[in-house]
Amino acid sequence: MIGVCGTAMATLAALLKSRGYDVRGSDQNMYPPMSDFLVQQGITTLQGYRADHIAAELDLVVVGNAISRGNPELEEVLDRKIRYCSLPEAIRDHFLWASRSIVIAGTHGKTTTTSLAGWLLTHGGADPSVLIGGIAENFESSYRVGGGRDFVIEGDEYDSAFFDKTAKFLKYLPDIVVVNNIEFDHADIYPDLDAIRLAFRRLVNLVPRRGLLILGADNADALALKTNARCKVETFGLANGCDWQAHDLQVTSASTRFGVRRAGTTVGTFEVPLLGAYNVRNALAALAVGAAAGLNTDTMAEGLRRFKGVRRRLQHRGTADGVEVYDDFAHHPTAIAETLEGVRSAYPDRRIWAIFEPRSATSCRRVFQSDFASALAKADRVVLPAVFRSALPENERLSPEALAGDLKAAGVEARYIPEVPEIVRTVSKEARSGDLVIVMSNGGFDDIHQKLLTALEARAN
């Protein structure tokens, strides 16, 4: 039996179970969609951390990177010298040694690009295995077990475990690597951008001579990795000179259409049911992966059209009294800006609300105070709750009150409303038919999406 300590690693638990392992897990806080996913997969989940969860029949314990010394389950594992490993070690040892490992990395777009690439290979008949840090609607899952050689995996630069502070993606034995972009993030792990650059250089150094490195040319730090490569390199983006260049973007309310040139030669016209230039870049990276796997243009074009998206990536949660509510995982200033720009390009005449919860280890910090103001200024109305359960000292913690003030000074109607019930009352009272409400958080946010829809529905009646 394998125990997973921290079922934020739900995907790994399900993947191991699909291979016939008896798996169970424990976590402190579980919320949808992953909590629902675990139930559907029939994986036993134990609420909270207790020493008696470490049963005698456990052969291996996979320790999540949020678990640290003092955790009662970890202390029991160490005291009894039960075999343990990190999540990326478990993935490598159980799945990757015999596979062609396709690692999708970068600060933004990893989950969507992994889902796109995994789906294109699946649609094209390559029968890949896929492991994603979210739930891809085409698979209705965060993983897929295939019989083919390829394993498409989201490569996270976050640390591996309490005993291994190096990036997860360094364990993934890469044959093909995509780097969408590189920016400062994970301020709890990396002291500065140079430390993140080093992690990505180490990833590139693992690609074999016969491998392939696919770099986002619209991001200077990603493109700079070309000098570190000892393998073939291809670039993608909207800029001139890319190996894979998108052009003539046309955004509608349901999709983005774009032309593609490869090395200056027209490949064709593609359409993906996602919004904005940033998703075109994600699609370009997936096309480069598909071409490397031998897929033809027509197959990839049809695959892109049939892509269904990823939960919590600008996911439409519902419409009530003419107001549309979306859930988006964006929590970094660049991701927020790109999401709002994508929505604006599809709905230029609609009023956009942005409700942003500072929750991640980086977004809770003051380091991005001015960047958040610039990003959120792309909305018409902004609502900011209190920073989520941050123990940071006040001089290091993001100030949503000050952020609201900065936005007002820039001419954006913005308010600091600390608690979810008051946010729901305010937005449901003031939103008008035709408005788009984009809720952005990397957590459950107290199920604010459904509460908003319920309140708007009640208003209509």
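The values are calculated or read from the model by the stated rules, or taken from the named source; none is laboratory data. If you're wondering where the values come from, they're calculated on a predicted model, not measured in any experiment. Using ideal geometry, Cβ is built from the backbone for each residue, glycine included, and neighbour counts are taken over all protein chains shown.
Overview of values
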quantity: Cβ pairs under 7 Å, 6+ apart, first in the stretch 301-326 and more than 21 Å from ILE448 (Cβ to Cβ), second of a type in the set (D, E, K, R) and at pLDDT 95 or above; calculated: LEU304/GLU271; ARG305/GLU271; LYS308/GLU137
quantity: GLU396 vs. criteria under 30 Å from ASP192 (Cα atoms) and either surrounded by fewer than 20 Cβ atoms within 10 Å (Cβ to Cβ) or under 25 Å from the mean Cα position of the chain (by Cα) (or both); calculated: yes
quantity: Residue among THR339, THR362 that is outside the structural domain of ARG281 (by TED's automatic domain parsing) and either surrounded by 22 or more Cβ atoms within 10 Å (Cβ to Cβ) or at pLDDT 95 or above (or both); calculated: THR339
quantity: Residue match in the stretch 79-95 (condition: of a type in the set (Val, Ile, Thr) and assigned to a strand (DSSP E or B)); calculated: no
quantity: Extreme residue, surrounded by the fewest Cβ atoms within 10 Å (Cβ to Cβ), among residues of the stretch 342-359 that are over 20 Å from the mean Cα position of the chain (by Cα) and outside any strand (DSSP E or B); calculated: ASP349
quantity: Tally, over the stretch 171-191, of residues that are at pLDDT 95 or above, within 18 Å of the chain's Cα centre (by Cα) and either not aromatic (Phe, Trp, Tyr) or not assigned by TED's automatic domain parsing to the domain that holds ALA286 (or both); calculated: 7
quantity: Among (1) crowded, with 21+ Cβ neighbours inside 10 Å; (2) outside the structural domain of GLY133 (by TED's automatic domain parsing); (3) part of a helix (DSSP H, G or I), the one test that VAL325 misses; calculated: (3)
quantity: Single residue of GLU401, GLU394, GLU413, GLU422 found to be modelled with pLDDT of 95 or more and out of contact with any strand residue (DSSP E or B) (no Cβ under 8 Å at 6 or more places or on another chain); calculated: GLU422
quantity: Complete set of residues in the stretch 426-454 that are buried (at least 21 other Cβ atoms within 10 Å of the Cβ) and either over 17 Å from LEU314 (Cβ atoms) or hydrophobic (A, V, I, L, M, F, W, C) (or both); calculated: VAL427, SER428, ALA431, LEU436, VAL437, ILE438, VAL439, MET440, PHE445, ILE448, LEU452, LEU453
quantity: Residue among VAL251, VAL233 that alone is surrounded by 13 or more Cβ atoms within 10 Å (Cβ to Cβ), among the β-branched types (Val, Ile, Thr), in contact with an Asp or Glu (Cβ under 9 Å, 6 or more places away or on another chain) and assigned by TED's automatic domain parsing to the domain that holds ALA105; calculated: VAL233
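Per-residue answers, yes or no, for (1) touching a Ser or Thr at 6+ places or on another chain (Cβ under 6 Å); (2) of a type in the set (Lys, Arg); (3) assigned by TED's automatic domain parsing to the domain that holds GLY211:
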position: ASP52; (1), (2), (3): no, no, no
position: PRO72; (1), (2), (3): no, no, no
position: PHE95; (1), (2), (3): no, no, yes
position: SER101; (1), (2), (3): no, no, yes
position: THR112; (1), (2), (3): no, no, yes
position: GLY118; (1), (2), (3): no, no, yes
position: ALA136; (1), (2), (3): yes, no, yes
